[in-house]
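The values are calculated or read from the model by the stated rules, or taken from the named source; none is laboratory data. The shown structure was predicted, so the numbers you read here are calculated from the model rather than taken from an experiment. Here Cβ is always computed from backbone atoms with ideal geometry, including for glycine, and neighbour counts include all displayed protein chains. Only protein heavy atoms, including side chains, enter the accessible area calculation; ligands, DNA and RNA are left aside. Shrake-Rupley method; radii C 1.70, N 1.55, O 1.52, S 1.80 Å.
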Amino acid sequence: MKKISSYLALAAVALAFTACSDDTEPKATYPVNHDFLNIPVMANQTIVLETAGNVDFTLSQPDYGVALVPSYALQISLDPSFEKLPSQMGAQISDLVYNSNAEKAFYQLPNPANTASFAVKAKDIADGLSNMFGYDDIEQYKGREDKVYNGPLYCRVLSFLSTANPGTYDKYSILSNVVTLAGVVGYPTVRQPGAIYLIGAPSGWTAPDEANAGVLAPWTLYENKDAIDSKVYHGTFDIPADQFEFRFYSALTGWDNGDSWGPSANDEQVPIEFKDDKYSGAIQPKGKGKFYVAGWTGGWVKMTVDLGAKTAEFEIVSGPEAE
C-alpha cells in the first residue's frame, strides 16, 4: 500500500472537509468494513516486552470514500471484548492488580500512526499493561517485581480523522476487528510524564546530552502526572542574578539536532519584560533564541511551556512552593 506522509494526510483531510458548509454533509462516508487490522507476524510467538524492541502492525486503510489517510491509534486489553477490568478476569490476573480504583478495561497507546504499517514500542505496550492494572508509579512494583503479566493480549485499532472539529472526530471514528497476541510477557515499567530542559546561563550552559542528564535534573520541566502527552511542562527555578538567559530543549540529543525551543530562530538574546510579575510569549521549534532579562536581580520563576500551543509563560514567585 502506498504510504502517504502525515502532512499529505492532514492536507487531504482539510481538502475533504473545507468545502463543506455547516448544513452540508462532508464528502467522506463512514466506513462499513471494520475488519482492517491484519494478524501480526508475531501473533503466535511469545513476545517478551523487555527485550522485544518493537511490535509491528499492518492494516488495510478504512474506506472513507475520499483520498485521505486517517490516524491510527492502537488499543490493547486483557479482555477480548475490551470491557472487563483485570480484577474481573480471574485470580491469575487479579493478583497483579495494585489499585482496583484505577484499573482500566483497555488502554490506548500514545503517538498514533498515519501509515498502514507501523511499529509500536514494546515498552509502550508494557506501560499499557501497568496502566490497566492500576499502577501509576514505578515504586508500586517494589516487592512484587515478579508479579508481571504473562498471557494473551488483545489488540484493536481506532481509526480517526485528525481535524479540529469534534463532531467530525466522533462521526468518523471507527474501531477495527480484534486480533490476539498469544503470549505477551510484561515487566515492571510505568509511563512517566514527559520532560524538557532549561539550557542556558542558570544551568551553566551545560550541553543537552544524555551524559549530562544528572546535572540537568534540577533544570527539568515536567508534564503533570495526570496530563501525560499534553506537551505542557512545568517547573519553578531560582534564577541567579544576571543569569536570565536560556532556551529549552525537548530532548538530550546535543546542540544541533532540532530539539531546541526558543523565542526566535537565530542564536540571539531576545529581551523580555515582566508586567505585574508575569510574562507570556511565543516559543518556536528549532529556535536558538534565548529569553533574556537585562539587569535581572535574581529570584524564583515559575515556568509553563506549552510546546503544542508554542507558548511560554513565566511568573516571578516567592519560592518553589508556589508551583
Item to check | FRET efficiency, Asp256 to Thr220 (Cβ-Cβ, R0 25 Å, nearest 0.05) | outcome: 0.75
Checklist entry - Taking amide H positions as placed 1.01 Å from N in the peptide plane, with prolines and chain starts having none, which residues 5 or more places from Met89, or on another chain, fall under 5 Å of its amide H? => result Ser94
Checklist entry - In deg cm²/dmol and to the nearest 500, what is the mean residue ellipticity at 222 nm of the chain if only DSSP H runs of at least 4 residues count, each as -39500 (n - 2.57), divided by the residue total? => result -3500 deg cm²/dmol
Checklist outcome for this item: Computed ³J(HN,Hα) along region 219-227: with the Karplus parameters 6.51/-1.76/1.60, θ = phi - 60°, integer Hz and x for glycine or proline, the list is 10, 10, 9, 10, 5, 5, 4, 9, 9
Checklist entry - Where the only charges are on Cβ atoms (+1 Lys, Arg; -1 Asp, Glu), what is the dipole of region 103-205 about its Cα centre, to the nearest 20 debye? => result 220
Next on the checklist: Taking the alpha-carbon distance from Lys310 and a cut-off under 19 Å, which lysines remain once sequence neighbours fewer than 8 residues away in the same chain are dropped?
Outcome noted: Lys231, Lys278, Lys286, Lys288, Lys290, Lys302
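Probe radius 1.4 Å, ligands and nucleic acids ignored: give me the carbon and sulfur share of the accessible area of the chain as a rounded percent.
49
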Next on the checklist: For Tyr292, what residues show an amide H to amide H distance below 5 Å, using hydrogens built from the backbone and excluding near sequence neighbours?
Outcome noted: Val270, Ile272
Item to check | Selection from Asn266, Tyr292, Gly319 lying farthest towards where the dipole of region 243-323 points positive, charges on Cβ | outcome: Asn266
Checklist entry - Using a simple charge model, +1 on the beta-carbon of Lys and Arg, -1 on the beta-carbon of Asp and Glu, nothing else, what dipole does the chain show about its Cα centre, in debye to the nearest 20? => result 820
Checklist outcome for this item: Residue-ordered couplings for region 148-157, obtained by feeding phi - 60° into the Karplus form 6.51 cos²θ - 1.76 cosθ + 1.60 and rounding to whole Hz (Gly and Pro as x), are 10, 6, 9, x, x, 10, 9, 10, 8, 10
Next on the checklist: Between Val317 and Val270, how high is the FRET efficiency from 1/(1 + (r/R0)^6) when r is the Cβ-Cβ distance and R₀ = 30 Å? Nearest 0.05.
Outcome noted: 0.85
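Per residue, how much accessible surface does the chain expose to a 1.4 Å probe? Answer in Å², no decimals.
About 50 Å² of surface per residue is accessible.
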Item to check | Candidate lysines - alpha carbon under 17 Å from Lys84, same-chain residues fewer than 8 apart omitted | outcome: Lys104
Next on the checklist: Only Cα pairs within less than 10 Å get springs; with that Gaussian network setup on the chain, which residue of Arg247, Arg191, Arg144 has the largest fluctuation?
Outcome noted: Arg144
Checklist entry - Within a Cβ distance under 9 Å of Thr304, other residues only, what is the Lys/Arg minus Asp/Glu net charge? => result -2
Checklist entry - aspartates and glutamates near Lys171 by alpha-carbon distance under 12 Å, same-chain residues fewer than 8 away left out - which ones? => result Glu25
Checklist entry - Which ³J(HN,Hα) values, rounded to whole Hz and listed in residue order, are derived for region 258-273 from phi using the Karplus coefficients 6.51, -1.76 and 1.60 in 6.51 cos²θ - 1.76 cosθ + 1.60 with θ = phi - 60°, glycine and proline given as x? => result x, 9, 7, 9, x, x, 8, 6, 7, 6, 8, 6, 10, x, 10, 10
Checklist outcome for this item: Here the gain from full extension of Asp209 to Ala119, 0.36 nm per residue of separation minus their alpha-carbon distance, amounts to 29.8 nm
Checklist outcome for this item: In the chain, taking the dipole from +1 charges on Lys and Arg beta carbons and -1 charges on Asp and Glu beta carbons about the Cα centre, the listed residue (Phe133, Leu221, Pro193) farthest towards the positive end is Phe133
Checklist entry - So which residue, out of Asn150, Asn101, Asn111, gets the largest mean-square fluctuation from a GNM of the chain using Cα contacts under 10 Å as springs? => result Asn101
Checklist outcome for this item: About its Cα centre, region 213-314 carries a charge dipole, from +1 on Lys and Arg Cβ atoms and -1 on Asp and Glu Cβ atoms, whose size in debye to the nearest 20 is 140
Next on the checklist: Just to be sure I understand: of the beta bridges DSSP finds with both ends in the chain, what percent are antiparallel, rounded to 5?
Outcome noted: 90
Checklist entry - What is the set of long-range amide H partners of Gly194 at a cut-off below 5 Å, with H atoms built 1.01 Å from backbone N? => result Glu223, Asp229
